[in-house]
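The structure appears right after this line, and notes come after that.
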Amino acid sequence: NVFTIHSSIGDRFFQYIDEHQSDYIQRHKEWVAVESDSIQPDLRKEVIRIMALAADRLVALGAIVNLVNLGSHQLPDGQDLPLPPVIIGKLVVEPQNPTVTYGHVDVQPAKKEDDWKTDPYTLTEINGNLYGHGAIDNKGPVLAWINAVETFKALKLVVNFKFVIEGMEEARSLGLGKLLQEENQCFFSDVDYVVTLDSLWLSNKKPAFTYESEGNACFFVDVECGSKYLHNGTSGGISHEPLMDLIALLGNNMHHCSGEVVNASSLAAFKVGLDIALDGMV
Ligand SMILES: [Zn+2]
């Protein structure tokens, strides 16, 4: 019956993983040892190096891998720094089952002096747990997923996926947004769902399945006021200070201080209010 078949596949799957555990830990160690800090400019070459390592591992699985060059970005001192490429690619066996996986392989800056109990770039086992910078966020999950795909392939099970891996997540994902938009009608045209690997388990036994995440809404507001210079004196009635009106609007509509999430309708009301207020100010 179907359950027997499934459990025998499950047994073979976990048996394969157990047999290859030391290989997987070795890979994890190699990845954690790369100082792929996307914040510090002098470590950018390490981010580029880990992107190449990730690409190699995916190519070894038989995936079609595209390392997309994103050009460079400018630092505050005017220096141009190359952006690491983004990996997009696919391993498609059953075209009717598209899936995209997202993960990142860069890390925040870290030094042993920052209260690390072990060297951040040396994967260290303590009581059966592995500690290292990026071991969880997000090198480990990316590798775990690659290892799972390898196991599927080794057992000749159908596996089908697309993937996006970046190296600038800790630096606001510079360059990624533009690439995603450009690929909207190509790479993503047959994608229904995206699975992000960049989340945590709630405990050792409670996995977390991310189905929604918070986002950032960034906007700039230009305030214009009277076209005439009003120094002081009696230039004719009350003149409204537009900054005060703007603060009142923000205060009425953005409740983040109380923990309440701004919803779409209050954001829309905010926008309408702002338009009216700005019209009135000009
Ligand atoms: Zn992360």
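Only the coordinates and a few stated rules stand behind these numbers; no lab work does. Source: prediction; values computed, not measured. Counting neighbours? That spans all protein chains shown, and the Cβs are built from the backbone with ideal geometry, glycine included.
From Cα pairs below 8 angstrom and at least 6 apart in sequence, can you work out the relative contact order of segment 2-196, rounded to a whole percent?
28
Within the set of other residues whose C-beta is less than 12 Å from the C-beta of Gln40, count the net charge using Lys and Arg as +1 and Asp and Glu as -1.
Residues close to Gln40 contribute a combined charge of -3.
Taking the Cβ of Thr99 as the centre, find all other residues whose Cβ is under 11 Å away and add up their charges (Lys, Arg: +1; Asp, Glu: -1).
Its environment carries a net charge of -1.
Please give every one of the aspartates and glutamates within straight-line cross-link reach of Lys178, meaning a C-alpha to C-alpha distance under 15 Å, and leave out same-chain neighbours fewer than 8 residues apart.
Glu166, Glu169
Can you tell me which lysines have their Cα less than 26 Å from the Cα of Lys205? Leave out same-chain residues fewer than eight positions away.
Within reach: Lys29, Lys117, Lys139.
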